[in-house]
Amino acid sequence: MNIVLLGPPGAGKGTQAERMSDRHGLPRVATGDIFRAALAEGTPLGLEAKRFMDTGKLVPDEIVEGIVTGRLGDADCRGGFILDGFPRNTHQAEALDRYLASRGGEIDVIISIAVEPEELVRRLTGRRVCGGCGANYHVSFNVPSREGACDACGGELYQRDDDNEGIVRSRLDVYKSSTEPLIEYYRPLGRLVSVDGSGSPDEVFTEISGAIDAATEREGR
Ligand code: AP5
Ligand code: MG
Ligand code: ZN
């Protein structure tokens, strides 16, 4: 099963992709995480990506597309994958379609998670991320048992550089102008599922799981 998770910054793509990955045994391919990992290692890719991420702009298509098609070519992605944060514009969506077609595949389901902008700002400005395993927390909605430390691995929690209010608003603008049009790009396929992302993480996950089960049945897998 090849899955695309669409949604504005803070919609819960990472939170849900993590759970879906556990439930379905599929690798999660998250372009933002790939760039942050490259930056942590100080590679040229990471430093280049940082220039765009720090202002909330999109990293250029040719860079992102090369990384994603490279990653999807890995053995663990052959049986399916969950894309989190890619594609983010029509150019990337077309590149993905071409790449999948070249290996006889396609996107099986597109999950679009919607949340009101002010709620997104609250979620992102309060988010904390584990430097060890990447798990997400929130200072009020998803508090770790020990302040500043990850429940899963004990790693130190940090705030992303692009999670201050000014950059969050720029990221929301970029979503609106570049990424949201993908909903109409995918709609004609008949595989787009819109999910209300404003409930609790458990509620959202239940809705997504139902949509994936229905898609699995439809495809007869
Ligand atoms: P990326 O890392 O993908 O960030 P994003 O799309 O802005 O999304 P986020 O990761 O901020 O949010 P999320 O939807 O994953 O939500 P989360 O689960 O963490 O991209 C960062 C940058 O990289 C981009 O700006 C761009 O520069 C570059 N980039 C990446 N991909 C690119 C591409 N394809 N092309 C070009 N450039 C690219 O949840 C957020 C918070 O809310 C957390 O604190 C969480 O605990 C909390 N939360 C989650 N769900 C709920 C809930 N149901 N109720 C209450 N709180 C919740
Ligand atoms: Mg994310
Ligand atoms: Zn951790």
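The values are calculated or read from the model by the stated rules, or taken from the named source; none is laboratory data. Keep in mind that this is a model prediction, so the values were computed, not measured. Cβ sites come from the backbone with ideal geometry, for glycine too, and all protein chains shown count toward neighbours. These area figures cover heavy atoms from the full protein model, side chains too; ligands, DNA and RNA do not enter into them. Shrake-Rupley method; radii C 1.70, N 1.55, O 1.52, S 1.80 Å.
Values for this structure:
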quantity: Single condition Val121 does not satisfy, out of (1) open to solvent by 30 Å² or more (accessible area, probe 1.4 Å); (2) at pLDDT 95 or above; (3) out of contact with any His (no Cβ under 8 Å at 6 or more places or on another chain); calculated: (1)
quantity: Residue within region 11-27 that is out of contact with any Leu (no Cβ under 6 Å at 6 or more places or on another chain), open to solvent by 20 Å² or more (accessible area, probe 1.4 Å), near ligand 1 (Cβ under 8 Å from one of its atoms) and modelled with pLDDT of 95 or more present; calculated: no
quantity: Residues being open to solvent by 10 Å² or more (accessible area, probe 1.4 Å) and either of a type in the set (S, T, N, Q) or within 17 Å of Glu180 (Cα to Cα) (or both) - total across region 72-84; calculated: 1
quantity: Residue that is most open to solvent (accessible area, probe 1.4 Å) [pool: residues in region 131-142 that are within 11 Å of ligand 1 (Cβ to nearest atom) and closer than 23 Å to Met20 by Cβ]; calculated: Phe141
quantity: Residues being away from ligand 2 (no atom under 16 Å from the Cβ) and not acidic (Asp, Glu) - total across region 19-41; calculated: 4
quantity: Number of the exception - Asp173 against (1) open to solvent by less than 70 Å² (accessible area, probe 1.4 Å); (2) modelled with pLDDT of 95 or more; calculated: (1)
quantity: Subset of region 79-91 (residues that are more than 16 Å from ligand 2 (Cβ to nearest atom) and modelled with pLDDT of 95 or more); calculated: Gly80, Asn89, Thr90, His91
quantity: Qualifying residues in region 85-94 (those that are touching a residue at least 12 places away in the same chain (Cβ under 8 Å) and farther than 15 Å from Thr31 by Cα) - the one most open to solvent (accessible area, probe 1.4 Å); calculated: His91
quantity: Evaluation of Val109 against (1) open to solvent by less than 50 Å² (accessible area, probe 1.4 Å); (2) within 16 Å of ligand 2 (Cβ to nearest atom) (one fails), failing number; calculated: (2)
quantity: Matching residues, region 176-217, being among the hydroxyl-bearing types (Ser, Thr, Tyr) and either open to solvent by less than 30 Å² (accessible area, probe 1.4 Å) or in contact with a Ser or Thr (Cβ under 7 Å, 6 or more places away or on another chain) (or both); calculated: Thr179, Tyr185, Tyr186, Ser194, Ser209
quantity: Test set (1) modelled with pLDDT under 95; (2) among the small types (Gly, Ala, Ser); (3) within 16 Å of ligand 3 (Cβ to nearest atom) - Ala30 fails condition number; calculated: (1)
quantity: Leading residue by the ranking (farthest from the chain's Cα centre (by Cα)) among those in region 167-205 that are assigned to a helix (DSSP H, G or I) and within 19 Å of Arg128 (Cβ to Cβ); calculated: Ile167
quantity: Scan of region 148-168 for residues that are without any contact (Cβ under 8 Å) to a residue 60 or more places away in the chain, away from ligand 3 (no atom under 16 Å from the Cβ) and open to solvent by 80 Å² or more (accessible area, probe 1.4 Å), ordered by number; calculated: Glu165
